[in-house]
1. Sticking to Cα atoms, compute the Rg of chain D to one decimal and its Dmax as the biggest Cα-Cα distance, whole number, in Å.
2. Suppose all protein chains stay in the model; what accessible area per residue would a 1.4 Å probe give for the stretch D:120-229, in Å²?
3. Using a 1.4 angstrom probe on the protein heavy atoms only, line up A:LYS84, D:LYS28 by accessible area, largest first.
4. Using Cα centres only, tell me the gap between the stretch C:165-239 and the stretch C:132-147 in whole Å.
5. If the label for D:HIS78 sits 7 angstrom from Cα along the Cα-to-Cβ line, what are its distances to the same label in every other copy, in nm to one decimal, shortest first?
6. Once you list every other residue whose beta carbon is under 10 Å from the beta carbon of B:LEU164, what net charge do they have if Lys and Arg are +1 and Asp and Glu are -1?
7. Given a 1.4 angstrom probe, I'd like the percentage of the accessible area of the protein assembly as shown that is carbon and sulfur, rounded to a whole number.
8. Over the stretch A:4-245, what is the relative contact order in whole percent, taking alpha-carbon pairs under 8 Å and six or more residues apart?
There are 4 protein chains.
Amino acid sequence: MANFQGHALPGSFFLLIGLWWSVKYPIKYFHRKGKHSQLPHFYQCLEITEAAVRIVFSVIGCLAEQFVPDGPHLHLYHGNDWVKLMNWQHSTMYLFFGVSGIVDMLTHLTSHIPLGVDRLAMAVSVFIEGFLFYYHVQNRPLLDQHIHSLLLYIVFGGAASISLEVILRDNIVLELFRTSLLILQGTWFWQIGFVLFPPFGMAEWDQKSHENIMFITMCFCWHYLAALCIMTISYYLVYCSLSRIKRPGGEIIGIQKLKSDHTYQAALLSGSDEE
Amino acid sequence: MANFQGHALPGSFFLLIGLWWSVKYPIKYFHRKGKHSQLPHFYQCLEITEAAVRIVFSVIGCLAEQFVPDGPHLHLYHGNDWVKLMNWQHSTMYLFFGVSGIVDMLTHLTSHIPLGVDRLAMAVSVFIEGFLFYYHVQNRPLLDQHIHSLLLYIVFGGAASISLEVILRDNIVLELFRTSLLILQGTWFWQIGFVLFPPFGMAEWDQKSHENIMFITMCFCWHYLAALCIMTISYYLVYCSLSRIKRPGGEIIGIQKLKSDHTYQAALLSGSDEE
Amino acid sequence: MANFQGHALPGSFFLLIGLWWSVKYPIKYFHRKGKHSQLPHFYQCLEITEAAVRIVFSVIGCLAEQFVPDGPHLHLYHGNDWVKLMNWQHSTMYLFFGVSGIVDMLTHLTSHIPLGVDRLAMAVSVFIEGFLFYYHVQNRPLLDQHIHSLLLYIVFGGAASISLEVILRDNIVLELFRTSLLILQGTWFWQIGFVLFPPFGMAEWDQKSHENIMFITMCFCWHYLAALCIMTISYYLVYCSLSRIKRPGGEIIGIQKLKSDHTYQAALLSGSDEE
Amino acid sequence: MANFQGHALPGSFFLLIGLWWSVKYPIKYFHRKGKHSQLPHFYQCLEITEAAVRIVFSVIGCLAEQFVPDGPHLHLYHGNDWVKLMNWQHSTMYLFFGVSGIVDMLTHLTSHIPLGVDRLAMAVSVFIEGFLFYYHVQNRPLLDQHIHSLLLYIVFGGAASISLEVILRDNIVLELFRTSLLILQGTWFWQIGFVLFPPFGMAEWDQKSHENIMFITMCFCWHYLAALCIMTISYYLVYCSLSRIKRPGGEIIGIQKLKSDHTYQAALLSGSDEE
């Protein structure tokens, strides 16, 4: 939907899931480091809930694109013309996010889906988003094109990183990287909304100014810096709350063990190029 | 061959092999999960048959391109001009698919070919297809160029994925990904045929309309969704039939063991980033 | 800063760190080969110092860009125009290098940051440099554009190589490669300064001459050759001094053991494709 | 050197080394498979000889480019112009091949160079070739540009594949792939010579004909097919001669053991995705 809400809505979706991931993955990481038990069942429920939320978001997005007042209402072809292809393309994006959610859910519910298929489905859904955007934004004003094309860095970078997770599953660095890109995508959608459809009677941006394009490029970097900060704070809060929870009981296993693990890890890695 | 049949024929080839793969790889996966024995011999025969079928298909395609009424009949140069280079290029593509089939067959028949060469040969044959297509479709109407260029995503994506199999041989996720791309390629060839050479007196497509291009881009995504669905159904049917076969005999080893494998796998993976 | 100093300053920063790395990584490599003890503490201090130096350099660079006489002095928007976006972009680059330095320091000071995050942060900071440069140099004279665009090879090559270190941490070959690229970047910044802003009353370069572009392209290769030579000499000096230090004490363990390690390594590797 | 000889000479160099590799790597592969002993010393000598030959070739090429009658004779700048930059660029290419040869030799002669640096140096030298070619061929007739640009596929493909060998050293599939690309490069240089500078009074090629470009594209694929065939024959001859040598002595260990290795390997690999 080519208006402020049409960018704020998906932006908020992405941001919410990104924030959730910035909590989930550190928890998973510290739990796994601390004591190897407990995690599976509690974590499984969380994962299934998350997948369900993502499916619901996708369905909302998909329906919203179809049934907004100026939407296609499921009509694809009328007379001799295609009907509202822009909305159809957005629906397609949401559809693929939905598929990724379903595959995630099935992976955690049943046991006969090979591990890695969920990551592949996620990579595909992100790639499809980038693929559609790529052809989407041609023939638009310069600034519009540029601000959308920066999304492609996030999207294709994300798709590559998630594909890597097919092989390097549960690698915390890749997971955090993915999280930071998702938060960035969320804030960037809001930025696009503010620039292309200034709300609250803000001034219009000159869509042809080269200066504006230079600023937007730099602004993109700042957004990423902000995304990294948000993720770091979230990571630190998780760390603090987990170490506080454990202290009263007297068994500071989690963090203590982590420390030695870290040393061990360093030693291990320092010898890894001998192979 | 620049007509409907010339796209429907290779499309059907790709679709057939794709469907077969969507049965073969799940069978191999479940068998390997269940009991590690038996597989080799039965599976070897299947592989050799498949390679033979692919060689036959390639020879048919190659000869068809040469000996259709308006083909070059093996003449390459006549007077001062090249003869029917389009057909020669198609022949070349089939030739490389044939080579890939031969290497596959040799890999399974003899034991002195290093494992991975078959995957490399397949990646090369797919890359050559994309390479020729890339230079092939320049100087054509916009829609024609666009619809063919979307093939390049399939083909180069496939080549990259198959190259990865040189190192990560027998990775079910990569195999399923490859299968889905092959099915997509099959249905997309049919789509190209329908769009560029509408059969049964269907209306011509406007080759310059930007709307048509936007639709085709989205349609490509839907085709991939369909390919994923076909593969999922196929995977599910294999799973069901394999678990049914084993139930009467009382030894539900296959699926039971799979379940525990899955848990084991999850545990293993969850600890993999400690290294 | 679009003048000679504005290129010489960062060039010297990069060169200094590059030279330091060309000493540090060989030391680490030989130490690890020789005796597996001792290293951690001494090395940890070095790493923290290095990170601190990099942070200081980044702060200097960032402030210099802001507070040079014709800088923006932290004003971003004035009247209806953006203020000195070029300087702001450079500040952003330094900011990210600073972030990378901070992450490096934290990784070595605390133990709850996952290994690999430091490399990811470094890769991101290098990528951001390339990203900003890419949009930075459009709409400039041909030679200016070309000489800056060659930087992109260094920067994106470096970002890719550093990303790889997330997975293949402490791989000496990747570390040396990264070092050589950093030295190259340092000398290339000096070259850019000499070409675009000839100091000492040197003759101006014709910015449109195709011959100049051809020479600069080749000159880039020579710079890399020089960078490789510098690194090799540095590597050799470290090797010599380390083997001399150990000889008087009679325990030539370091190098002796290295030799056998090497043979062992060769044997190991020669058998590695059997898997 | 822009004439037939200037393409035939390097073409022959590449072809010779390619043919040698197509013998060397299979020998190494079969030896390693058969009995793990013996190889090192004999093989070390071969490697050193090869490196020496490559250095000699590079020096010849480098000097030839400088001292042909219309060469620059080591003058870089004369009056206000660069002297014969084309020859200087070719010299630079040879220089990097020479560096790669020297690093290879040092790796086999001394033991304090980390394994993998030789492959990195080779990848860099190949990349530099492609890098220089890329800027080299702009502003030329269409066919000239196209036929040279096809080289880039070989060169960048080769550089990527060799870079991979830094990590996956002694992987026979990568080595054979590299060999096939080198043979292709050799034959393609000859093809370029024949097309751009037809010898023996052959007819000139129309440099603007689109048909010629289409043919050349296809011809490139045929060259690769030929390169693959040459390599296969070479591989097969090595296999035959090695199995014949061993038969008289009664100890058919080599091939016998290979067979079981192969089965073992298959079993191993078939279980590899369980991890």
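1. Considering chain D through its Cα atoms, Rg and Dmax are 21.3, 74 Å.
2. Result: 33 Å² per residue.
3. So the residues, ranked largest to smallest area, are A:LYS84, D:LYS28.
4. Rounded to whole Å, the Cα centres lie 18 Å apart.
5. Result for D:HIS78, in nm, nearest copy first: 5.3, 5.3, 7.5.
6. +2
7. That fraction is 69 percent.
8. Relative contact order here is 29 percent.
The values are calculated or read from the model by the stated rules, or taken from the named source; none is laboratory data. Since the structure is predicted, the reported quantities are computational estimates derived from the model, not experimental observations. Virtual Cβ from ideal backbone geometry, glycine too; neighbours counted across all protein chains shown. The protein model used for the area step is the full one, side chains on, heavy atoms only, and it has no ligands, DNA or RNA in it. Shrake-Rupley method; radii C 1.70, N 1.55, O 1.52, S 1.80 Å.
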